[in-house]
Structure formats: structure tokens, C-alpha cells
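What follows is calculated from the coordinates using simple rules that are stated; it is not laboratory data. Quantities reported herein were computed from a predicted structural model and do not represent experimental measurements. As a convention, Cβ positions derive from the backbone with ideal geometry for all residues, glycine included, and neighbour counts pool all protein chains shown.
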Amino acid sequence: MTPQLDRRAFLKLIGVTTVVAACGGAATGPSAAPSVAASVAAKATGRINIYSALNESTNNELFAAFTKATGVGADVLPLAAAGELQTRIRAEKGNPKADIFIGGDSSFHDGLGKEGLLEPFMSANASAIATEAKDPSGNWTGWYFGVFGFVSNTDRLTKEVSGKKPKTWDDLLDPAWKQKLVMPDPVKTGGGYIFLATQVFRFGKDEDRAMDFMKKLHPNIAQYVGTAPQGIQLVSQGQFVGGPNWSHDILTEKAKNPGIDLTIPDLTGFEIGAVSIVKGTKNLPGGKALVDWILTKEAGELNVKLSNRVSVRKDVAPAPGAPTLDQVKLVTYDRAWAADNKERLIKKWQQAVGL
Amino acid sequence: MRGLTREPPLLLALLGVVALVLAFIVYPQVQVVIAPGSDGYAAFLQGGTWVTPLRNSLQVVALSTTTAVLLGFLYAYAMVYTDMRWKPFFRLVGILPLLSPPFVVAAAYILLFGPRGIVTYGIFGQTPIIFGLMGIWGVQTIAFFPFAYQLIADVLSRSDARMEQAARNLGAGPWQVFRTVTLPLSRPGLGAAILTTAIYILEDFGNPQLIGGVFTVLPTQAYSLISGFGDFTGAAAVSTILLALALALYLAKLRLDGGRSFVTISGRASSMPRPPVPPGLSWACFAGCLALSGLILMVYGALVVSAFTIAFPTNITFTTTNFQFVATGSNGDALRNTIVFGTVAAAVSAVLALFAGWLVQRGDWPGRRALDFLLIMPAAIPGIFFGIGYLTAFNQTWLDWVDRGWIIVLSMIFWNIPVGYQAAVAGLRQIDRSLDEAATSLGASKLRGFRDVLFPVLAGSLRVGFVTTFVRAVTTLSVVIFLFTPPTTVATIRIYQLVNDLNWGGATAFTVADISLAIAALLVFALLARGRLVLGMARG
Amino acid sequence: MASASAAVAPAVSPAHLRVSHVTKRFAGVTAVDDVSFDVPKGSFATLLGPSGCGKTTTLRTIAGFYDPDAGDIELGGRRINDLPAHRRGTAMVFQDYALFPHMSVRDNVAYGLHLARVGRDERDRRVKDTLAFVGLTGLEDRWPNQLSGGQQQRVAVARALVIEPQVLLLDEPLSNLDAKLREQLRVELRVMQRRLGMTFVYVTHDQEEALSLSDWIAVMNAGRVEQAGTPWDIYYHPRTAFLADFVGAVNLVPASVIAIEGAAVTLGLGDRRITLRPTGPTPTAGSEVRLCVRPESLLLGAAGSVADGAVVLPGTVVRRSFLGDAMRYWVKVDDREWIVDQPDPGAAAALDGAVSLILRPERAHLIV
């Protein structure tokens, strides 16, 4: 099966299930949401501790809306670093402090799940979500997508690369891009690794071809940076011409600096943003209430508004300037395989580019 | 040893210090070190991913330490020996690089000296490679010379003018006096400066992370193992490698020291002034310090400008909107917590360091060397591990009643104790034991003698410990990442959040506020301290 | 012949400070080797010897800075070995004064009283009185680095005296001062000690200091007490050549004992025979001894002088040296140079060439 077919099938699946869910939910109609929420609120009270890897600008409004909708108070520990939060939760397992772990790619949640540190919970609202976006054992549930895109500095792009935005990743091999790209380091950043794995999946798991591509790309990369946002900042400042990065972050920066632009080349990678309940939580009803709520349309729309990310729900419109899911060509991303082979692939990449 | 048993309070104090060290330095780290288990270590070492970072780390340490100590020595010499002007200004600038909250300052360097940097490209039309080894070297030299400067200035300020006059008297020219008298006598400070600077550079994470690009050093490797892979055991193995390197540096320093006498304060007072420094030299020092200060101020200036513009350098419209949320909500709490935690940690750390330094340097009891190493060791532990260690060690249900703020303060105290401790030991080596004995002879127990005589004379070393602990406490991210909770959040966490939010305006504004508050606090402390403690404050 | 004993046992006062068989070793080197002596209350005792002889080590052991490997130290009848240094009732004056640089003169002197929790009024009074005693009134508010060496030393002494210790220990306190000042302070110290009636234990390598200050001297060499006694004893009746040579200039002439008749001893100096009535232990006939004569005990006369009842030796002046209060001559007798000091050089012309060396028979001492 070619990646193209997969993508179409995937989207069809989402579409079908959404339609089914909409039909199923249509009977109860819009009043379903409040009544579900009301019945949840009746059980859930108190407060929950949320370890959130979401953006700063998302946290306050999002969780305020949650409290308003459910009556459960939210104490947020914000740290936009899912890896650190994962480590923290793991270190606290003797005396867990968190009730909810939210944000960050599902692989971080998955890791904790496999160690038995999460409380499985299948929300009713998750039935509408594609199977790829949730954990079969219910340890975590995906609720947004982060699509990998390409940021470019319009001014320098026009002057130095004749304004050619890449349609596919192979376009970046053009010698015109020599020493003009900046991208997140695959070793140090989640985004960088996703880019690397994306290439592998793009070539149908043919690692040698993928590494060959990365090797040819290497001379065009002026710098591998230690954090993904830094890549965007440098392009925004004009220090570099462009680079692969998170499309939602690119949109956020574009709102401040119209001098940059977002493109999404074909066969790009993506992350699944997840939410999970920590084992040992002292407020299980409250945690469940959060998971339920985060999967609602209201929450989805709010998240899109605040962070430009894409909701797993088809009935939530994407951010302005962001493409809808069927406008982009996503690669078949085998998340589990990517996580298991991370060390090996990175080593291979380092050897290929001579680092 | 008999001396200890004859003075029970002293014995208790010693046991107290040992207990503190065991509880707050050793115990939290034991978890980290044994986490991988021998299988984990074997697997990691075989994997070989540590070889390149190790080599890189050694390179970086060798280069950056050399230039940072050189710069620190020149700066200290200029401040203590010459009579150049504007010394208070230079004193402040000399501490400024330590006030470097994560990300933003390194970003300012790139802004100025990057491939399209304002200075490099805008003025000189060059596109240098600032990333990688060169960039790290440059930034670390500037960022770490203040350590060397503080430690060396402290020792130089207690140098004995009579010895230098004697040398001049015997016909030595200024350069010879420097080479044969001043330099050798400042060896305790020099040794301490080299060791401390080297270990902190070894452990430096923030700068290589931002400017290193693909040039990985051990701390960045450890970080990415956790952040990117969730591989705690691998990261713990890296942390152990760092500890081993620190031990090696420590042993090297012991060999270099040789245990000679460097007494310059002997209780035989002299009002002899130092031999005058040739005016040419004074002016050269002034020019050098001015150039260095200019560089530092440029970097911080870029920061300030960024804070007050919409999107420096592309959009330089003046605005104050970036500051709108500096004091609101959790941000305001963060700033307050930062200053409070920093002050408490600095005060306790400085005093404890001095006391521990005295116990080790003046004491005569078994296990002294071990305690000496343990008090320097925290410098080699990457902040993340210090934080993780504390998290695991103190996340016990029976400790839940302890305010998390205290855990953060404790971590700051002990993570930063090496600097104050080194300063104390170097200082004590300069003070003749006859002062101790005089106090004893007049009826003072050893503890009393420490309090009444040594403590005041070592005011300078105390200040070094206080200032560096405060500054590092206020700017550390890696340690607090695992320890903070919403009510105990600190400025660096807020900055991190803002950066990840791509809110560079907000991040720089917050950084400017953080640094300004820290400077204000330092000025207040300086004013308060001026009242008491005469010696040691006057110079350098 | 008087023989000096190690322990002074005056008829009335018992020993105030008693050092018994104290030994102290440092890394295999025995610095103090089975040293014993008694110091009576109110006396000025001195430990005299060359550097490295163990005198400072002994002093510091008394003070409590070192623990003896063997032996006991008693103060006022009480064994103080196990007392910590700061509670022994001793106070020390250091060679380099050890003034606290961060305290004024007044605070330096008041420190010990402060530690003893003496009330403010009494403390102020005692500080004032002691400073007056050492002659430093008016300098209370100065800082140590504003004082001259002599002034600093006086502050150090005042600081130790004001707390009224049982014993004052002084470690070569005058060696950093110039000669004139040294002499002046020496006199002052002695006067102070007499006035206070305090027991002083003084350490020095300067024999002139020791002789002029002390009631009692112990001369030490290589960790042992070679001889202890009054200054007079030490000076005129040394028991070893080392002692004779160390304390003052001396003529040490090897001789053989020819005959002994009561108090008269006939000695052979080469071919010469002289009969003396020397002090010192009785020698055995036929043994080799050393004749010990102080330079100022000899007289120089013109060649061929005759002196009744005295030994006259013919000699030649080899050289001379003007010492100010005496003219020192080196006179060659047979194949030996004798040192002779003549007082009041201004009274007569200097002697030269052939002279007569005149020795009164009881002005000699034998070292066997």
C-alpha cells in the first residue's frame, strides 16, 4: 500500500466515524453536551492537579473554560516540555502529585502507560476519534494534531531562492538552499526526530533511502538548533531563510511578524497531542471530567483558537491560515515503531551526515 | 582529633555539617547514580553514544576555562591593584554575565553576532559561524569569567603589600614583582578559580543548548536523553561520567596545590601601601575592562531594546506592551519567589560554605578530604540531576507538609555551595593560624574564635559566596524544572514558558524585569553590608 | 662546687607550673624529649636555646596547642593535660603579635574580658588600666595597622595581661623589634612582671635577653634541657661545652688533669702547667677536661707582668675589636687563641704585640 492510499483511507475513516458519531449524537442534539456535562459535574467536584505541556497562552483560558463548564477547579503546573513532565511523573511515582498529564506527543504518555503509571480511562467522547489517535488500553487519548510544516522568511526567500516554496521535502535538496536552512536537531528535539522519522516513513521504511536524503539535505542545513521555537525565531529575524518546524507555532509567529510564511509540503509528519490520567490520582472523577471535556467540540475550538493546532474532531474548524486535515498529505506515521527505533535511527542519521 | 572531643559544641557542629552534606548532597544523588544499575551502565557504555560528547566536553572545558580564568585574572588584577577609574561600574559589569537567565541572553548573542547579526552582518558584513564550538567558547568565556574574577579578586585583595614592596626594594621591576611575588601568592585563589570555573563549564547546559547546534556536550546529551527519549537511565549514566570528570579535576587541583603556605594576613598589621602600578598599565587595564564591559553591555542592551520594541530588529516600534503581564498573576508570584528564594539560599549557602570551609581547612580530623570533595562535587552535577535527585529523595508522603519552596531553597543552597566554599578555603589559607591561636589563648573556644575573628576577616569570601549563589539561584532553570509547583514557580520557569510560546517580547521583558530586580537586590545587600565588616569590603 | 639541678626547689614556694617528662613527636622527629622543670609562682622563667631546640614546642604544649605524647603538665597543682587550650588559664603573647586586624586597640584588649563575660564597667576600667600600665593611653581607638611595631607588641602584651592569667607565655615577643626598642621593652617587661607578681614563661634564642630578664633559665638543645638554673649559674657554671658556648663568648681550652689536691687542680695545657681553683665537678686525675674562662674574667697586662697568686700566660695580640663598652682582644698563647675583654677601653691605650694574660685561679670553671 502506498502512502497515498493510506492517507486517504485514514481520512475516510475519520470522516465516516465522525458522521456516524454526529448521526448518533444528532438525536440528542446540542443539548447532549450540557446534559453529559451536567451528569459529569454532579459526580466530579474539588480540584485537580494538571501537569500541562501546552503552550503558556493556551493554559489559562483553556482550563478556566474547563472549570466553568464542569465546576472542577484546576491547579496547573505548566511546563512546555513533555519529556520533563514525563520524567517528573515517573520520579514522583512513589507519591504521585499529578492527576492529569496533558499535552505533548502521545509517545510520552505511552511510555508512562507501559510502565503502569497511568489510570486507563476510555471517555464516552472518545468513541468519535479515530483508533490511531487513542491508546487501545485506554491509557491515553489523543485530542489534537500538530502538523509539521515549513517556515520561510518571505523577503529572503524572494531574493535568494526565487520565492520557491517547497512542495515536497525533496525540493529542499535544491542547491539554491545551500546553508540557508535551519531545523530542530533530531537528537535534542521531538520535532527534529519526527522530521527524521517522517523521511523514513515517506520512503516506506526504506531507511537507506531516507538516510541518503538526509545526507543530501545536510549541506543545505546551516544550523541544527536545540529547541524548535528557536528555529522559527531565527527565520523570523532573517538570520536564515527557512526551515522545517511546527505549523501551529509558525502561524503563531506569523501573527506577530507577517514577514514569514507557512507551507506544508507533501507527506509530512505529525504528532498526536494526548491527555492521560495519572495513576494514584486523588480525584479520579475530576480527572475523568477533564478528559471528557477536552474531547468536546467546545474545548477543541478553544484549543484551535489559542494555539493554532488541529483538533482530532472533524467538526472543529482549523485556525485561519491553517490547512484542514484533508488539505494536507500526511505520511503514515507508525508511532510505536518510531518510538522503539529512535536510538537506532538517530545513530544511523549521525553516521550518515558524518556527525 | 582530641581537640574536637574536648570541645563538644565543635564536634556537634561538625557532625551537623556532615549530616547536612549527607542529607542534601549525597543522598539525593545516590538515587541518580544507582538508577541505571550495572546492566544499564554496561549497556550505555557499550552503546558508545557518550564518546563524542565526552570529547567535545573536554575540548570545551579546556578552551573556555583557560580564557575565562585569564580574563577573570586580568579583570581582578585591574580592580584590586590598579587605581583605574570607574571601579564600582566595573564591579557591577563583572557580575552581570552571571545574571543570565536561560535562553534569552544566548539568543541576544545570536541576535548580535549571528549570521545576520546586527554587529557581525549589519556593521561588518560578515556571516560568521557562531554556532558550534566557536560560539560556545565565546559565550562561555564571557559567561564564566565572573567566577574566576570573584575568587581571584578576593585572594588578591588580601595580598601582603609588604612582600611586594620588599621585592621592589630588592630591585625587581613591576613585571618581576608580579611574576615572582603576586602571582605565586595568589595561587590559592587561582587554584580555586580554575577548579570552580572548569567544573561549572563542564556542567553548563544552557549555552551549549542554544548555541551548540549539533556540537553536543555531556550535559546537553543528558538533557536530550530525558527530553527527547525519556531515557532516564542513559541520562543518569551521563551524569555519573560528569561526576567522574569532576573528581579527576579535583585531584588534579590537589596535586597543583602542593600544600604550601600562602599566609598574607598574619596579625602583624602593616599600613604599607602597595607599590604603585605604572600609569600605562592602569590605562591599559582601563581600556581592556572598558572593552569587555562594552561587549557585555551590548548584549544586555540588545535585551532591553528587545523588551521595549515589538519585534527587534525587524520591527523597532517602541512599546511597553511586552511588560503588561510581568507583574500579573503567576508572573508576579514568580518574580517575588525568585528574589525571596534567592536571598534566603544565598545567605544560608554563604554562611554554611564559610563554616564548612573553616572546618575543613583549619580542622584536623579523619575524613577531611572526603568532606572537601563532597562540598565541591555539586558543581559537577548537572542541574537537572540535582533537581531530579531532590524530587525523588524528598517526595515522601511524610514530607508532604514541607512547603515545596523550602525544597527549592535547599537545592539552591547546596547546588551553589562549591563557590562560597572554595572562596572560604582560599581565604583561610591566607590567614595565619596565630590569629586563631591568639583567640584561643584569650579564652575563645574554636567556634567562638571562628565567629569573632575569622568570620569578619573573611568578609570578602562571604560576599563571593553570597553573590554567586544569589545570582545562580535567580537564573537556574534546570534545577527547578523538577521541583517547582504553581505557588512556588520562579522567574526562569516563566521565561521558559514564554519562549516556548514564541512570545519573545514577553520573554525578554520578563528577563529584563528579573535581571533588574536581581541587580536592585544586590545593591541593597551591598549597602546593608557596608555598615559592618570593615575588612575585605573595601577592595576589589 | 655548686652543681645546677634540673628542678629549682626553693625552700618556700611550691612549683606553680610543673612540666614532667613531657615528650612531643612530629612525624618521627622528637621535638621535645623527656623535658621536666618546675617554675615557682611569680618567677620569670626562660626557655633558651637555638632554633629547632624545642623551646617553642614546649611552650605551645604548655599552652595546649599541642598534646604531649608523654608526660604531664600541672598548673597550680592541677593536671591540665586534658583541658582544652582556651580553658587552661594561660595566655600567650606571640612573636608576630597576632593582633586582630578588624578590631581597634581597645577591642583587641577587651576581647578576652568580653569572652569571660566581664561586665561593661569593669571591662572598660581594666582595659583602661592595662593600657596605661603598658604605656598606651590615648591609642585606644587606633587600628593595628596604624601602630608601630613596639606599640603593637605592647597591645599584644596588654591583651594577654588584662585577663589576669595564671601564667603568661611569651614566644620570642621582642625578636621583631630593633635593638634599642628591644632593650627598652625588655626592661619594661621585667618591671611589669615584678609589679604584678605574675608567673612568666619566656622563650628566646637571645642569651642576653634571657640573662637579663630571668629568675631562672632552662637551656634547651635538640629537644632536651641541657641545664637549668639561675642566670648566674648558667653563665658561670655551664655543664657542657655547648652551654658554655651558647651563652656568651667563652674560652674553652682543652686540658689534661695532672693532679688534684683538695680544691686545687693542676692542669696541663700542652707543656704548660697551671694550678687553679676552678668551679665545676671534681675531675678524675689523668682525664681530659675543658677549661672554661669568660673573656671578661681575664686581665691583660704588658708582657712580662707578674701577678701574685694568679696564673700568668705569655701571649701575642693577634687582633682586636672595639665593642663600645669593651675592647676585645684575640691573644695567642702557645698555639691557641684566647678571647679577652677589657672594660672601659678609653681609660688606657690599646695593647698590642706581646702581652701577659692574667687569670685568677678561682675565675675558671671546669667542664668534664
* Amide H neighbours of A:V225 under 5 Å, counting only residues 5+ apart in sequence or on other chains, H built in-plane at 1.01 Å? -> A:M183, A:D185
* Average partner coverage of A:76-83, which counts Cβ from other chains inside 10 Å -> 6
* Name the aspartates and glutamates eligible as straight-distance cross-link partners of A:K329: C-alpha to C-alpha under 13 Å, and not fewer than 8 places from it in the same chain. => A:D6, A:D266
* Structure fact -> If A:H109, C:H365 are placed from fewest to most neighbouring beta carbons inside 10 Å, the sequence is C:H365, A:H109
* Computed magnitude of the charge dipole of chain C (debye, nearest 20; Cβ of K, R +1, Cβ of D, E -1) -> 680 debye
* To do: Among C:L189, C:A218, C:A27, flag the residue with its Cα farthest along the positive direction of the charge dipole of region C:15-245, charges on Cβ as +1 for Lys/Arg and -1 for Asp/Glu.
  => C:L189
* **Residue-by-residue Karplus 3J(HN,Hα) for region C:90-101, coefficients 6.51, -1.76, 1.60, Hz, glycine and proline x** => 10, 9, 10, 10, 8, 4, 9, 6, 6, 6, 6, x
* How much FRET efficiency would the formula 1/(1 + (r/R0)^6) give for C:E122 and C:S175, where r is the Cβ-Cβ distance and R0 is 35 Å, rounded to 0.05? -> 0.55
* Going by the alpha-carbon gyration tensor, a ≥ b ≥ c the square roots of its eigenvalues, is chain B rounded (a/c under 1.5) or, if a/c is not under 1.5, prolate (a/b greater than b/c) versus oblate? -> oblate
* Asked: Rounded to the nearest 5, what % of the DSSP beta bridges within the protein assembly as shown are antiparallel ones?
  -> 70 percent
* Structure fact -> Inter-chain shielding metric for C:219-232, i.e. average beta-carbon neighbours from other chains within 10 angstrom, reads 0
* List, in order, the whole-Hz ³J(HN,Hα) value for each residue of region B:296-305 obtained from phi through the Karplus relation with A = 6.51, B = -1.76, C = 1.60 and θ = phi - 60°; use x for Gly and Pro. => 4, 5, 4, 4, 6, x, 4, 4, 5, 4
* Nearest 10 degrees, 0 to 90: helix C:120-133 Cα axis against chain C principal axis -> 20 degrees
* Hey, what angle do you get for helix A:32-43 against the long axis of chain A, alpha-carbon based, 0 to 90 degrees rounded to 10? -> 60 degrees
* Asked: Dipole of region C:15-245 (Lys/Arg Cβ +1, Asp/Glu Cβ -1, origin at the Cα centre): which of C:V157, C:A228, C:G52 lies farthest to the positive side?
  -> C:V157
* What list of ³J(HN,Hα) values in whole Hz, one per residue of region C:72-88 in order, does the Karplus curve 6.51 cos²θ - 1.76 cosθ + 1.60 (θ = phi - 60°) give from phi, with Gly and Pro shown as x? -> 10, 10, 10, 10, x, x, 10, 6, 10, 3, 8, 7, x, 4, 7, 10, 8
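What is the calculated FRET efficiency for B:V524 to B:V402, with r their C-beta to C-beta distance and R₀ = 35 Å, to the nearest 0.05?
The computed FRET efficiency comes out at 0.75.
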* Structure fact -> Fewest to most Cβ atoms within 10 Å: A:T67, B:T492, B:T182 sort as A:T67, B:T182, B:T492
* Just for the Cα atoms in the protein assembly as shown, what are the lengths along the principal axes, largest first, rounded to whole Å? -> 151, 63, 57
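Over region C:249-367, calculate the relative contact order: mean separation of alpha carbon pairs under 8 Å at least 6 apart, over the residue count, as a percent. Intermediate results must be reported in sequence, preceding the final value.
Numbers: 276 pairs, mean separation 37.2, N = 119.
Normalised by residue count, the contact order of region C:249-367 is 31 percent.
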* Structure fact -> Dividing the mean separation of Cα pairs under 8 Å (6+ apart) by the residue count of chain B yields a relative contact order in percent of 23 percent
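Charges only on Cβ, +1 for Lys and Arg, -1 for Asp and Glu: so what's the dipole of region C:249-367 about the Cα centre, in debye to the nearest 20? Please list the in-between numbers first.
On the way: 12 positive and 13 negative charges, 22 e Å.
Its charge dipole is roughly 100 debye.
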* Asked: Among rounded, prolate and oblate, which fits region C:249-367 when a ≥ b ≥ c are the square roots of the eigenvalues of its C-alpha gyration tensor, a/c under 1.5 means rounded, and a/b larger than b/c means prolate?
  -> prolate
* By counting other Cβ atoms within 10 Å of each Cβ, how are C:H114, C:H21, C:H237 ranked from fewest to most? -> C:H21, C:H114, C:H237
* Asked: Other chains near B:481-490: what is the mean number of their Cβ atoms within 10 Å of each residue's Cβ?
  -> 3
* Tell me what the protein assembly as shown gives for mean residue ellipticity at 222 nm when only DSSP H runs of n ≥ 4 count, each as -39,500 (n - 2.57), the sum divided by the residue total, rounded to 500 deg cm²/dmol. => -15500 deg cm²/dmol
* Structure fact -> Which residues qualify? For B:S266, with a placed amide H closer than 5 Å and at least 5 residues away or on another chain, they are B:D432
* Describe numerically, in nm with one decimal, the distance between label points set 7 Å from Cα along Cα→Cβ at C:S148 and at A:K347. => 8.2 nm
* Structure fact -> Quick shape summary for chain C, equivalent ellipsoid via Cα gyration tensor, semi-axes whole Å in descending order, reads 45, 25, 16
* To do: Could you point to the residue in B:T319, C:P84, B:V490 farthest towards the positive end of the protein assembly as shown's charge dipole, with +1 and -1 charges on the Cβ of Lys/Arg and Asp/Glu respectively?
  => B:T319
* To do: Only Lys, Arg, Asp and Glu count, each charged at its Cβ (+1, +1, -1, -1), so figure out the dipole size of chain B about its Cα centre, rounded to 20 debye.
  => 1540 debye
* **Cα-based convex hull, region A:128-237, per residue volume (Å³, whole number)** => 139 Å³
* In square nanometres, what is one fourth of the surface area of the convex hull spanned by the alpha carbons of region B:418-540? -> 10.2 nm²
* Subtract the Cα-Cα distance of C:W330 and C:A349 from 0.36 nm times their separation in residues, and report this length gain in nm to one decimal. => 5.2 nm
* For A:K279, list the aspartates and glutamates whose Cα falls under 20 Å from its own Cα; do not include residues on the same chain fewer than 8 positions away. => A:D75, A:E84, A:E92, A:D99, A:D105, A:D110, A:E115, A:E119, A:D135, A:D292, B:D400
* In chain A, what is the volume of the convex hull around the alpha carbon atoms, normalised per residue and reported in Å³? -> 124 Å³
